[in-house]
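As structure tokens, the structure follows; a few thoughts come after it.
The values are calculated or read from the model by the stated rules, or taken from the named source; none is laboratory data. Treat the numbers as computed from the prediction; the structure is a model and nothing was measured. Cβ coordinates were reconstructed from backbone atoms using ideal geometry, including for glycine residues, and neighbour counts include every protein chain displayed. All accessible areas refer to the heavy atoms of the entire protein, side chains included, with ligands and DNA or RNA removed. Shrake-Rupley method; radii C 1.70, N 1.55, O 1.52, S 1.80 Å.
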Amino acid sequence: MNAPARKTIRLLPPELSNQIAAGEVVERPASVVKELVENSLDAGATSVLVELENGGQTLIRVTDDGRGVSGDQLELAVTRHATSKIADVGDLMNIRSYGFRGEALPSIASVSRFRMTSAPQEDDGSVGEASCIDVSYGAIKSVSPAALNKGTMVEVAELFSNIPARLKFLKSPATEQKKTQELFTRLALARTDVSFTLKAGSRELVRFEAGQTLARRMGILWPPAIVDALRPFDVTVAGMRLRGLTSDPRSSQPRADRMLFYVNGRAVNDRLLMRAVRQAYQGRLTSRDYPQTALFLDMSPQEVDVNVHPAKNEVRFRDEQAVFSAVLRAVSGALAGVPLASERFAERTEERPASPSSRENAERPARPLGFWGEADAVRVMPKPKNEPRFSPEERQEDGLSPSCLKERGAPERDFFTGRPTVAPAPHAPRPLVNESRPASVPPLALETAPSPRAPKDDTPAAQRDELPRDAAPAASKAATPLSLPLPETKNDAPEDSPLRGIRYLGQVAKTYLVLSQNDDTLLLLDQHAMHERIFYEKFRAEGSRGVAQPLLVPLELDLHPAETERLLELKDTLLRLGFETSCRGSRCLAQTMPPEMDRTEAAAFLREALSGRVDDLESVWIRHACATAIRAGQRLTPGDALHLVRQWLRTESPDFCPHGRPCAVTLEKADLEKLFKRRQP
């Protein structure tokens, strides 16, 4: 095998070195717009206009009314490492401008046909003679007088046409235009004192007027449902000022693209700031949800290094812990008035001073909130004025045992659907959710034979397994009696259990169900996670059929401009989910919807999808299951607990809830012996 030829070290040609350097600064049209707009802001512009053609690949034109550049300095402006923003090392440690490297213009000019026309502003405020420089792929062609009233106009044409390898990595014009618009709007949010306009051809994409508030500019970009939930903050901590807007915890989304961070007015992507904000929301959001935030951190330039990335979109802090604590404190302060979900639940269930009505309600067991979602918040039907009071024994005789979890005068609701149902006949069996139990469900098998202690019963086993949980005692006596010894709880009417070898031991912290299996295994179950899994699989089974329900009267929604663009992006996805949509001006019309939704639910889903909170029905099923499932801290009767376990075992994936949390922990005899040091690990 021949040895490779020795290669000598040599200087790169200027054209090649310029193109290599351009690759660090100019990634796509959006990068060009960022550098040119930042130059305009550094020049003191109060108005910036950006025009694009073919997503910026054919032409990018940036016009401003800043101080401009004199004709004798135009050649230096496109020379590498030439800048007017820093002069020595001391300036490098105290950077207050967007640009400072002196690489943006020469890098852009080396990969495009570049023209810059500028009219300099003199010290006395007058405007000097305008000049123009033409550069073709790094080579200066001419410098000549030009006509321009004020400021600077930069034109970048045929970007990357001299580098086919870079050109082929560009996306479609629509995608490049979207990327440019996102970056342009981030710059506009940082300078509310400057007017910004972005055009694509003859169409105006977005306009920001000078003097707008941050909330007003956010309202142009984000839907009202998002903006209305933003909470302002403006605090000073340890010499750092933190200001901006952050969302109510109840308004979240599954992506982090609406978490915007600025350091001394510079848009940055920083994990430290993101971690601090998410830490402030801990306990208020799940690990998969993200808040909407626009956070501005103003600090001494000497405490932050902005010279760590060629595109200047990353920074490094001298004291990261101080910055983290300051951000955490600022955002936590903005959320101080928002109660946690557990606190809101406690407020609804806390005891109040006794009154005649409260004493009456105390005599009947309260219905646990959360079994049926929002329907639990208020009585579905008004209470009759002359309703007689019932003792616990009378309620059981009337078929209203506490395990029924309902009130007189309120419609009966299915435990696992949350929907009103027609009351079945006293002896009529009611089918259970997910009645078919997958073969993959382990060890907790379903009981099919009556208990040895039970009197003989000729009722078929299938019907005994389907007996309604809240059937009257007479019906229960005719069916299979309890096959498990259950704790005797006052006013409880436990249901018959079809779980073989399982004994219900009780409930810990009103959240975890404790059972024993075959007297040698301890089972700890999370009631909320179990109920979530049941509802999630039910919603998924009903919503995965791909069937659309035609609407006699189309569903109409008023759209924000941001929602209109998202509707066009999601149209095919919505069609696969069962929504056939069309757009008429600023209104969305849905001709069909998924059959498992009603009009209200369909409208709510479309609103969340168009606002960016959810991407598909999967997210809706998870959210709906979580909101509908029983909560931690809710007491269950033994009958309800066993009924919950039975339904949970019939799910396809009983091990985890839809969020990925475990539903059950199993401690076998060997595990218990290790815990009590009876066996060495």
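With the requirement that a residue be closer than 13 Å to residue 514 by Cα and either surrounded by fewer than 18 Cβ atoms within 10 Å (Cβ to Cβ) or touching a Pro at 6+ places or on another chain (Cβ under 7 Å) (or both), what does segment 643-669 give you? Residues satisfying the conditions are 663, 665, 666, 667. Just one of the listed residues (188, 210, 174, 225) is open to solvent by 20 Å² or more (accessible area, probe 1.4 Å) and at pLDDT 95 or above, namely 210.
The residues of segment 622-654 that are among the hydroxyl-bearing types (Ser, Thr, Tyr) and under 30 Å from the mean Cα position of the chain (by Cα), listed by number, are 628, 651, 653.
Annotation note: Cβ proximity below 7 Å between a residue of segment 645-665 that is under 14 Å from residue 535 (Cα atoms) and a residue that is among the polar types (S, T, N, Q) and open to solvent by 20 Å² or more (accessible area, probe 1.4 Å) (sequence gap 6+ or interchain) occurs for 647/434; 650/434; 651/434; 659/286. Please indicate, with yes or no, whether at least one residue in segment 195-202 is in a helix (DSSP H, G or I) and surrounded by 19 or more Cβ atoms within 10 Å (Cβ to Cβ). So far as segment 195-202 goes, no, none of its residues is in a helix (DSSP H, G or I) and surrounded by 19 or more Cβ atoms within 10 Å (Cβ to Cβ). Counting the residues of segment 218-249 that are of a type in the set (D, E, K, R), in a loop (DSSP other than H, G, I, E, B) and touching a residue at least 40 places away in the same chain (Cβ under 8 Å) gives 1.
Per the listing 635, 566, 584, the residue uniquely at pLDDT 80 or above, surrounded by fewer than 19 Cβ atoms within 10 Å (Cβ to Cβ) and within 22 Å of residue 178 (Cβ to Cβ) is 566. Restricting segment 327-350 to residues that are open to solvent by less than 70 Å² (accessible area, probe 1.4 Å) and assigned to a loop (DSSP other than H, G, I, E, B), the residue that is modelled with the lowest pLDDT is 340. Of all residues in segment 546-574, those that are under 11 Å from residue 590 (Cβ atoms) have Cβ atoms under 7 Å from Cβ atoms of residues that are open to solvent by 50 Å² or more (accessible area, probe 1.4 Å) and acidic (Asp, Glu), 6 or more apart or on another chain, in 548/580. The set of residues in segment 310-326 that are open to solvent by 50 Å² or more (accessible area, probe 1.4 Å) and closer than 25 Å to residue 29 by Cβ contains only 314.
A single entry from 111, 89 fulfils the requirement of being surrounded by fewer than 18 Cβ atoms within 10 Å (Cβ to Cβ) and over 22 Å from residue 191 (Cβ atoms): 89. Of all residues in segment 25-65, exactly one satisfies the criterion of being open to solvent by 40 Å² or more (accessible area, probe 1.4 Å), under 15 Å from residue 170 (Cα atoms) and assigned to a strand (DSSP E or B), namely 53.
Taking strands (runs of 3 or more DSSP E) as the structural unit, those lying wholly within segment 114-159 and holding at least 2 residues that are of a type in the set (A, V, I, L, M) and either touching a Leu at 6+ places or on another chain (Cβ under 7 Å) or open to solvent by 20 Å² or more (accessible area, probe 1.4 Å) (or both) correspond to 139-145, 151-157. Within segment 262-285, residues that are in contact (Cβ under 8 Å) with a residue 60 or more places away in the chain and closer than 15 Å to residue 296 by Cα reach partners that are in a strand (DSSP E or B) and among the aromatic types (Phe, Trp, Tyr) with beta carbons closer than 8 Å, at six or more positions or on different chains, in the pairs 262/296; 265/296; 267/261. In segment 265-306, which residue that is part of a loop (DSSP other than H, G, I, E, B) and in contact with a helix residue (DSSP H, G or I) (Cβ under 7 Å, 6 or more places away or on another chain) is most open to solvent (accessible area, probe 1.4 Å)? Residue satisfying both the conditions and the ranking: 265. Taken over segment 256-290, the residue count meeting the criterion of being at negative phi and at pLDDT below 85 is 7. With respect to the conditions (1) in contact with a helix residue (DSSP H, G or I) (Cβ under 7 Å, 6 or more places away or on another chain); (2) without any contact (Cβ under 8 Å) to a residue 24 or more places away in the chain, residue 76 falls short on a single one, namely (1).
Pairing each residue of segment 52-73 that is at positive phi with any residue that is among the hydroxyl-bearing types (Ser, Thr, Tyr) and surrounded by fewer than 22 Cβ atoms within 10 Å (Cβ to Cβ), provided the two are 6+ apart or on different chains, yields C-beta distances under 9 Å for 55/172; 55/175. So, of the residues in segment 228-253 that are open to solvent by 40 Å² or more (accessible area, probe 1.4 Å), of a type outside the set (Asp, Glu) and in contact with a strand residue (DSSP E or B) (Cβ under 7 Å, 6 or more places away or on another chain), which turns out to be nearest to residue 298 (Cα to Cα)? It comes out as 241.
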